[in-house]
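The values are calculated or read from the model by the stated rules, or taken from the named source; none is laboratory data. Worth saying up front: this structure is predicted, and the values here are computed from it rather than measured. Here the Cβ positions follow ideal geometry from the backbone for every residue, glycine too, while neighbour counts run over all protein chains shown.
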Amino acid sequence: MKKGHQHIHPGMARVGNLSVGKGHPVWLQSMTKTDTRDTDATIKQCIESFEKGAALMRISIPDRTALQHFTLIQKKIRQAGFQNPLAADIHYRADLAIEAARVAQKIRINPGNFVSASKRENIASSEHPADNYKELTYNELRKLTDVCNNNGTAIRIGVNAGSLPTHIIRKFGHTSTALVEATAEYLEILENLGFFNTVISIKSSRIRETVAACRAMQERMQVQGRLYPLHIGVTEAGNGISGRMKSAAGILELLHSGIGDTLRVSLSESPVNEILFGRELLKHAGMPRVHPNTNYNHKNKHFNIYSEAKTPDQLIADVVWQFISYKNETINDLTIKAPGISDQGIMKNVSDQLLQVSGIRIVETEFVGCPGCARTEMDMEGLCGEIKKRFSGLPGLKIAVMGCMVNGPGEMGDADYGLIASGKDSLILYKGQNPIGKYPDIKSALHHLQKEIID
């Protein structure tokens, strides 16, 4: 019997030795930030993440050389005693996805760029672009599912707001509905091909859009009687307290509603930090919703949150989890009390970020930050840190920092300014959706960004 033809229960997927979905734990995963060709560094990030609680790691494969290294990475990880599944992240190259499916336990494909750019351009100008796109996608996915069935490889349909198919955008715009429709289109094709070992993910850097799309997709699956595991997270959340707050607001809202089978915290930091904070989110999602000393003043609509947290990660997870329990109340302001946190700067930052992500009050610059992967040649953690240092304290301003072109322009759609890395040091500066300059190094790019903001 072919591996992929084993019976897959509704609402479940099999990823290597991992059962995902109905009746199983919510699994944590992360993604390597290294150049996949750097075998030792990539192995190190995988093993460190597994040791901290990652059930699965995703590795970007931008080219065939990276795929060769992926095979070696997996072999050495197995030799080190770790049987955790590895997922291959593929963009623009259906041929690479097919090859990787012979090795990886899961293939992540993006409906916005699974079909090559040249083929997409040809059908975009055709008389019936949507129909032609579906036909082309069907033919490409047929080759992939054949290999996945033969090797027991799962497929993740990874839909991202920053890289939706053109015909979907034309019909639905940049909306949560567009995210759902792009997912449903690919699911239908996979089902028509007889492939059901599927995980889906629907992500945006905008919290409300992410939550709305995941809820709509879950409801749609339930109505249609076809359930698939849902991987959740807020993409390009950035770093530090603001990145964690965005992630917590989206992920805990979904877990609170019983949605989510795997999750990733997408930070412009190390994979280990993503896993550690993810653990806090899962821990709080299983706790009582409100501390006995937390209260809501109906008269002045002031929310007083009490937390026994001892670390910033614990505090963020705790206050968001408690806040969600009062989401139906009108809240004009809030106060956080946490005797275990002595740093008042952290307390103020957490309070400000909770006010901001909840929409109560805009108190700070909003940053969108790519987490980085093998397609990124720049130190995203360092770049995001430098930009936050220079441009914090400007309420109402939104700055996006992206590591490559995969989701760059799309996720920067509503940002005032954006930077996209276009090489090891060079950056393209955007004002809105319009590129206004390309700079050979970070220093000159940030200098011109500062001039734009000041002017």
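Tell me, which helices (runs of 4 or more DSSP H) wholly within the range 1-110 include 3 or more residues that are at pLDDT 95 or above and within 28 Å of K143 (Cα to Cα)? Walk me through it before giving the result.
Details: elements: 39-52, 64-79, 94-100.
Those helices (runs of 4 or more DSSP H) span 64-79, 94-100.
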Quiz prompt | Any pair with Cβ under 7 angstrom, 6 or more apart, that starts in the range 335-354 at a residue that is in the same structural domain as I305 (by TED's automatic domain parsing) and over 16 Å from P292 (Cβ atoms) and ends at one that is part of a helix (DSSP H, G or I) and among the aromatic types (F, W, Y) | solution = L354/F323
Quiz item: Has the range 240-250 got any residue that is over 19 Å from C384 (Cβ atoms), out of contact with any Asp or Glu (no Cβ under 6 Å at 6 or more places or on another chain) and crowded, with 24+ Cβ neighbours inside 10 Å?
Solution: no
Self-check item: Residue among L315, L267, L281 that alone is crowded, with 22+ Cβ neighbours inside 10 Å, touching a helix residue (DSSP H, G or I) at 6+ places or on another chain (Cβ under 9 Å), assigned to a loop (DSSP other than H, G, I, E, B) and in contact (Cβ under 8 Å) with a residue 24 or more places away in the chain
Solution: L267
Quiz item: For residues in the range 151-177 being in contact with a strand residue (DSSP E or B) (Cβ under 9 Å, 6 or more places away or on another chain) and in a helix (DSSP H, G or I), which is nearest to I399 (Cα to Cα)?
Solution: G162
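Each row is one residue, and each column tells you yes or no for (1) surrounded by 22 or more Cβ atoms within 10 Å (Cβ to Cβ); (2) touching a residue at least 24 places away in the same chain (Cβ under 8 Å); (3) small (G, A, S).
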residue	(1), (2), (3)
L383	yes, yes, no
F391	no, yes, no
V401	yes, yes, no
C404	no, yes, no
K438	no, no, no
Q450	no, yes, no
Quiz item: For residues in the range 185-221 being within 16 Å of the chain's Cα centre (by Cα) and assigned to a strand (DSSP E or B), which is surrounded by the most Cβ atoms within 10 Å (Cβ to Cβ)?
Solution: I202
Exercise. Can you confirm whether the range 263-273 contains a residue that is farther than 19 Å from Q45 by Cα and polar (S, T, N, Q)?
Key: no
Quiz item: What pairs come up if the first residue lies in the range 19-47 and is on the phi > 0 side of the Ramachandran plot and in the same structural domain as T198 (by TED's automatic domain parsing), the second is not in a strand (DSSP E or B) and not aliphatic (A, V, I, L, M), and their beta carbons are under 7 Å apart, counting only those six or more places apart or on different chains?
Solution: G21/G11; G21/P229; G21/D261
Quiz item: Taking the range 84-107, which residues are basic (K, R) and within 16 Å of H69 (Cβ to Cβ)?
Solution: R93, R102
Quiz item: Could you list, in sequence order, the residues of the range 254-264 that are of a type outside the set (D, E) and part of a loop (DSSP other than H, G, I, E, B)?
Solution: S257, G258, I259, G260, R264
Exercise. Read through the list (1) assigned to a loop (DSSP other than H, G, I, E, B); (2) more than 29 Å from K327 (Cβ to Cβ), then give the number of the only condition that K443 fails.
Key: (1)
Exercise. Determine the pairs where a residue that is in the same structural domain as S201 (by TED's automatic domain parsing) and crowded, with 22+ Cβ neighbours inside 10 Å, located within the range 173-184, has a partner that is part of a helix (DSSP H, G or I) and among the basic types (K, R) with Cβ atoms under 7 Å apart, the partner being 6 or more residues away or on another chain.
Key: V180/R220
Quiz item: So, in the range 337-369, of the ones that are buried (at least 18 other Cβ atoms within 10 Å of the Cβ) and part of a loop (DSSP other than H, G, I, E, B), which residue ends up nearest to the chain's Cα centre (by Cα)?
Solution: T365
Practice problem: Please indicate, with yes or no, whether at least one residue in the range 398-413 is out of contact with any helix residue (DSSP H, G or I) (no Cβ under 9 Å at 6 or more places or on another chain), within 27 Å of D313 (Cα to Cα) and not assigned by TED's automatic domain parsing to the domain that holds S205. | Solution: yes
Exercise. Please find, among K44, K52, K75, K106, the residue that is crowded, with 22+ Cβ neighbours inside 10 Å and among the charged types (D, E, K, R).
Key: K106
